Protein chains: 2
Amino acid sequence: MTIQEIPVSNLDPAKFIEEQADAIRKTVGNIPAINALSGGVDSSAVTLIGHKALGDGLKTYFVENGLMRQGEAERVVALFRDLGVHVQLVDAREEFLGALKGITDPEEKREAVTQTFYKKVFGRLVRETGAKCLLQGTILTDVDETVAGIKRQHNVFEQLGINPEEAFGYKILEPLVQLRKDGVRKVAEALGLPASVYNRMPFPGPALAARIIGEVTPEKLALVRLATVVVEEELAGVKAFQYMAILHEDRMTGMRDGRRDFGRQIEVRCWDSVDARKATPTNLPFSKLTKIAARICRAVPGVVSVTYNIATKPPSTIEAI
Amino acid sequence: MTIQEIPVSNLDPAKFIEEQADAIRKTVGNIPAINALSGGVDSSAVTLIGHKALGDGLKTYFVENGLMRQGEAERVVALFRDLGVHVQLVDAREEFLGALKGITDPEEKREAVTQTFYKKVFGRLVRETGAKCLLQGTILTDVDETVAGIKRQHNVFEQLGINPEEAFGYKILEPLVQLRKDGVRKVAEALGLPASVYNRMPFPGPALAARIIGEVTPEKLALVRLATVVVEEELAGVKAFQYMAILHEDRMTGMRDGRRDFGRQIEVRCWDSVDARKATPTNLPFSKLTKIAARICRAVPGVVSVTYNIATKPPSTIEAI
């Protein structure tokens, strides 16, 4: 089935929200439904459309998978509390880290996150709540990239011939699947979400696991999390599509206290893009780049080298994994 | 034995050259001596001081180790032909690539190059020529870094307690060991070397093997050699201490012809420095950086990502290995 794209120029956000809420109400009926909220613009918009449609019939969860950024769970739960939506925290750290153990291949990593998310964690929540439907924020670009074989997005199934009801035991509703990022931002704004959400940078489904080359371990997660704090603080005021810190597996020769130290390298990426299909590196002031590098070398144990991405997408992709 | 540094402010190049030539003449006498010329400022200066001292008593070799840049051997031989010095080409590619096979540790790589160079190749040349002395262009920074345990420079022995006569069967003379790079440049100019030599960027002893993370293979050497051509062409007019392309071992997700391609990453470094002890990344125009990245992605098969170093030395070092 081909998805009919709604270009942002044709989008009437208020009408779109009503139509999607109606469609959800019709499909779900009186049976409980669930959704996962990561705090990104896609899942935040779905959460509010879903609660508009189903009220308390929708249970919203924040899955603490151990792969999130510093303070992320607390921030998201507090924000939605202010919007009148109760978000339940699910501690699934051990399940995700266990599933990722020993895996180095990028696609296997993504698949491990997907399976843990949909089969283990959501399978359990569906059984506990009696839900038959999962609402999620898949957008058209996720489908495109997965179908084209560029990158397996964690939230795309039907287009790969996977029936979620058979594979996981529940139906998946995707109210945003006709939109791209720019359209979702307009919808999120119309839903009354704050600018910090509707203008929020994309963050990948596999979270910080997508920012670690090679095996994902708690130690490496701690390092990339610290580097991410620096990059996000330093670039907070910059008009860019997305920025990130990536922890490399390669070791570099460095020096600490006058002696050799085979250290780690952090790669910083900051992208200009409209819809993530094409992207170019942001022309940041050089003093900003060297400041970021110096802060990362001080703040992140063992890092001796920092680089800035200067290639475009294509042939790069936005994330490294 | 502590080496007495001659700071560039105290250096009288003409007097220095005479003194060193005298010392070489006294030590070598009428027995043949040999030296290896890489084309860098250090070995070029030693070659001319040595020929001044010994005339035809010094045999000069360019060792083609398979790790050099594109066209390097031809360029160096032609330049010294014009200066009246005959340079003999030694094809040692198989020996070096064989010695590097399977080695991924940076220090083991450096050691493999050192042993092949001094023990195998020069051991053989010494036997063939009857030479008892090898002249080489060690400078004080090489000694400092090796002794401090930062980076094992291929040309430092006595300061590590290695007696070259016992280890390799010949004596090593180091006429430049009291100088740093800035002093050597003045001496090279006074020797009548062209600006392309006395202002030439440093290039590491292990050559392109120092620019490959992980195992050195002929395929990877071909890739980093192509990237080096792009970087050196694009930055030829830039006032910088040193610039380079480094081939990473980490694989990155990229896309080619609309499909996923787990590709390679090239890191570009360009350093401002006086004497290599400290260094900062050069503030290159952003348009230059993105042009370099685009050219590398087009010219080097399989490369999908290019970065620019933004960290300082320390905690980085100038080379990645």
Of A:Glu165, A:Glu174, the only residue that is away from every other protein chain (no Cβ under 14 Å), open to solvent by 10 Å² or more (accessible area, probe 1.4 Å), modelled with pLDDT of 75 or more and more than 23 Å from A:Lys15 (Cβ to Cβ) is A:Glu165
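Restricting to the stretch A:95-112, give me the number of residues that are β-branched (Val, Ile, Thr) and either touching a Phe, Trp or Tyr at 6+ places or on another chain (Cβ under 7 Å) or open to solvent by 40 Å² or more (accessible area, probe 1.4 Å) (or both). Explain how you work it out, then say what you get.
Step one: filter the stretch A:95-112 for residues β-branched (Val, Ile, Thr), giving A:103-104.
So of that shortlist, the ones also either touching a Phe, Trp or Tyr at 6+ places or on another chain (Cβ under 7 Å) or open to solvent by 40 Å² or more (accessible area, probe 1.4 Å) (or both) come out as A:104.
Number satisfying all stated conditions: 1.
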So how many residues does the stretch A:50-78 have that are part of a helix (DSSP H, G or I) and of a type outside the set (Asp, Glu)? 12
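I'm checking my understanding of the structure. Among residues of the stretch A:264-312 that are of a type in the set (Phe, Trp, Tyr) and at the interface with chain B (Cβ under 8 Å from one of its Cβ atoms), which one is surrounded by the fewest Cβ atoms within 10 Å (Cβ to Cβ)?
A:Phe286
With the requirement that a residue be in a helix (DSSP H, G or I) and either among the hydroxyl-bearing types (Ser, Thr, Tyr) or crowded, with 16+ Cβ neighbours inside 10 Å (or both), what does the stretch B:26-49 give you? It would help to see each step written out before you state the result.
Step one: list which residues in the stretch B:26-49 are in a helix (DSSP H, G or I), which gives B:26-28, B:41-49.
If the condition is that a residue be in a helix (DSSP H, G or I) and either among the hydroxyl-bearing types (Ser, Thr, Tyr) or crowded, with 16+ Cβ neighbours inside 10 Å (or both), then B:Thr27, B:Val28, B:Val41, B:Asp42, B:Ser43, B:Ser44, B:Ala45, B:Val46, B:Thr47, B:Leu48, B:Ile49 are the ones that fit.
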Given the conditions (1) open to solvent by 30 Å² or more (accessible area, probe 1.4 Å); (2) at pLDDT 95 or above, report the number of the one that A:Thr2 does not fulfil. (2)
Are any residues in the stretch B:243-263 of a type in the set (Asp, Glu) and open to solvent by less than 30 Å² (accessible area, probe 1.4 Å), and if so, which ones? B:Asp250
Odd one out for B:Thr253, checked against (1) within 20 Å of B:Leu208 (Cβ to Cβ); (2) within 12 Å of another protein chain (Cβ to nearest Cβ): (1)
Are any residues in the stretch A:112-126 of a type outside the set (Gly, Ala, Ser) and touching a residue at least 12 places away in the same chain (Cβ under 8 Å), and if so, which ones? A:Val113, A:Thr114, A:Gln115, A:Thr116, A:Phe117, A:Tyr118, A:Lys119, A:Lys120, A:Val121, A:Phe122, A:Leu125, A:Val126
Selection from the stretch B:242-270 of residues that are in a loop (DSSP other than H, G, I, E, B) and out of contact with any Asp or Glu (no Cβ under 6 Å at 6 or more places or on another chain): B:Arg251, B:Asp257, B:Gly258
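Hey, any hits in the stretch B:201-218 for a residue that's under 30 Å from B:Ile6 (Cα atoms), in contact (Cβ under 8 Å) with a residue 60 or more places away in the chain, outside any loop (DSSP other than H, G, I, E, B) and open to solvent by less than 40 Å² (accessible area, probe 1.4 Å)?
So far as the stretch B:201-218 goes, yes, one or more of its residues are under 30 Å from B:Ile6 (Cα atoms), in contact (Cβ under 8 Å) with a residue 60 or more places away in the chain, outside any loop (DSSP other than H, G, I, E, B) and open to solvent by less than 40 Å² (accessible area, probe 1.4 Å).
The values are calculated or read from the model by the stated rules, or taken from the named source; none is laboratory data. Values in this document were obtained by computation on a predicted structure and should not be read as measured data. Don't worry about glycine lacking a Cβ; one is built from the backbone with ideal geometry, like all the others, and counts go over all protein chains shown. These accessible areas exclude ligands, DNA and RNA; they are computed on the full protein's heavy atoms, side chains included. Shrake-Rupley method; radii C 1.70, N 1.55, O 1.52, S 1.80 Å.
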